[in-house]
Ligand code: NAP
Ligand code: F7E
């Protein structure tokens, strides 16, 4: 029997990989898109027009649209990935973040109940390692206490608990995947990894002079998004509805990520100074085409990228997912992840046509001036 899945957040990094994964498994895939003045659907453009992929307008802040859509699609599985997902932006837009990331989860649950699908429709909630926030133990597992440390994390904590509540109160098959950071060549351009890989490519090709970053000491457990969407599916195929930590179990700093990314772009860096005085200085270049020279300062710290409260020590323990879902947390290593992101961005930057180039230069200027988060 063909299964039907509804994905909120289908245009995002994870939504696009999950769509491909479910289509490969023979699912009928429905995705929610929202109206915007420009149709920016780059990540799923290659799927549009394929027979089993369908898009619908709705919004996580609009209950009626969700109730109508769930009734129309009659999904067997819902993957609730839609969110205002940028932690720093959640300090600027806390109410919007709460509406979409917290109450939005409730709206999905109620849309399922309103359509009397609570006994047949399974729900996956995109939960996050940000729940551990000001961490109370390292590494973090399913039993680690939560200490959310941003408006984003507080909103996601509501999502986590309302999923648990509906599971117990109404016997619904709804689960949270507590996912640690996962990145890819489709990662949003203002998250730190992608910001670094794009900047390394632009600097190597002479299209940007310098990269400004915030807290270089921050530690993350970074995995590959393509590996992580499989887990979302596995969680819903598990016999019982349970929550799972999804992580690699390996930790690196922002500084380490930047060092490796620049190396893959042909630029060797050394770090000098501390705090806002810290600099990434070129010590060597590899390849005739690299457009910077020894001694150039290509990375600087800008307090504009510091957060009012920052989560600085995330390391996940994926033992449960490994044991009960048979998932391999190390199928893509940190080194492979950085390499594939830089390789992608080197090509992307090189291939940009003149018109796109103007936009990129403007973006690079914004990044340099610290306006764009
Ligand atoms: P993303 O690339 O930022 O995608 C977010 C998606 O949510 C986009 O499709 C966006 O649509 C949609 N969205 C935002 N507001 C909406 C609204 N009001 N109504 C309908 N759709 C809305 O995020 P991601 O990295 O794929 O992450 C997917 C989910 O996992 C998110 O819930 C995120 O919080 C969570 N998460 C991510 C990570 C990670 O490391 N990536 C880790 C843990 C948890 P537009 O394209 O129209 O903006
Ligand atoms: O920051 C530091 C920053 O924005 C990582 C989301 O997908 O993962 C993501 O949230 C770290 C932080 O991701 C810059 O202070 C330094 O400590 O890439 P990020 P995030 O905040 O971890 C979690 C699991 C989610 O759930 C979220 O949806 O890097 N950092 N300098 C910087 N961060 C940014 N963005 N820009 C900088 O210049």
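Among the residues of region 1-18, which ones are over 11 Å from residue 77 (Cβ atoms) and either within 15 Å of the chain's Cα centre (by Cα) or touching a residue at least 60 places away in the same chain (Cβ under 8 Å) (or both)?
Scanning region 1-18 gives 8, 9, 10, 11, 12, 13, 14, 15, 16, 17.
Just to be sure, is residue 142 away from ligand 1 (no atom under 13 Å from the Cβ), assigned to a loop (DSSP other than H, G, I, E, B), more than 20 Å from residue 84 (Cβ to Cβ) and in contact with a strand residue (DSSP E or B) (Cβ under 6 Å, 6 or more places away or on another chain)?
Working: away from ligand 1 (no atom under 13 Å from the Cβ): yes; assigned to a loop (DSSP other than H, G, I, E, B): yes; more than 20 Å from residue 84 (Cβ to Cβ): yes; in contact with a strand residue (DSSP E or B) (Cβ under 6 Å, 6 or more places away or on another chain): yes.
When the stated conditions are applied, residue 142 passes them.
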Quiz item: So how many residues does region 9-42 have that are buried (at least 23 other Cβ atoms within 10 Å of the Cβ), within 9 Å of ligand 1 (Cβ to nearest atom) and assigned to a strand (DSSP E or B)?
Solution: 2
Self-check item: Positions within region 58-113 being assigned to a loop (DSSP other than H, G, I, E, B), touching a strand residue (DSSP E or B) at 6+ places or on another chain (Cβ under 8 Å) and within 24 Å of residue 234 (Cβ to Cβ), in sequence order
Solution: 74, 75, 76, 81, 82, 83
Quiz item: For residue 344, all conditions in the list (1) modelled with pLDDT of 95 or more; (2) touching a helix residue (DSSP H, G or I) at 6+ places or on another chain (Cβ under 6 Å) hold save one; what is the number of the exception?
Solution: (2)
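Sort through 76, 62, 99, 92 and tell me the only one that's under 17 Å from residue 125 (Cα atoms), at pLDDT 95 or above and either under 22 Å from the mean Cα position of the chain (by Cα) or within 12 Å of ligand 1 (Cβ to nearest atom) (or both). Before the answer, list the steps.
Details: 76 fails: either under 22 Å from the mean Cα position of the chain (by Cα) or within 12 Å of ligand 1 (Cβ to nearest atom) (or both); 62 fails: under 17 Å from residue 125 (Cα atoms); 92 fails: under 17 Å from residue 125 (Cα atoms).
Testing whether each residue is under 17 Å from residue 125 (Cα atoms), at pLDDT 95 or above and either under 22 Å from the mean Cα position of the chain (by Cα) or within 12 Å of ligand 1 (Cβ to nearest atom) (or both) leaves just 99.
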Quiz item: If you scan region 267-325, which residues turn out to be at positive phi and within 15 Å of ligand 2 (Cβ to nearest atom)?
Solution: 275
Practice problem: Among the residues of region 128-139, write down those that are touching a strand residue (DSSP E or B) at 6+ places or on another chain (Cβ under 7 Å) and in contact (Cβ under 8 Å) with a residue 60 or more places away in the chain. | Solution: 129, 132, 135, 138, 139
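The values are calculated or read from the model by the stated rules, or taken from the named source; none is laboratory data. The structure presented is a predicted model; accordingly, all values stated were derived computationally and were not measured. Note: ideal-geometry Cβ built from the backbone for every residue, glycine included; neighbour counts use all protein chains shown.
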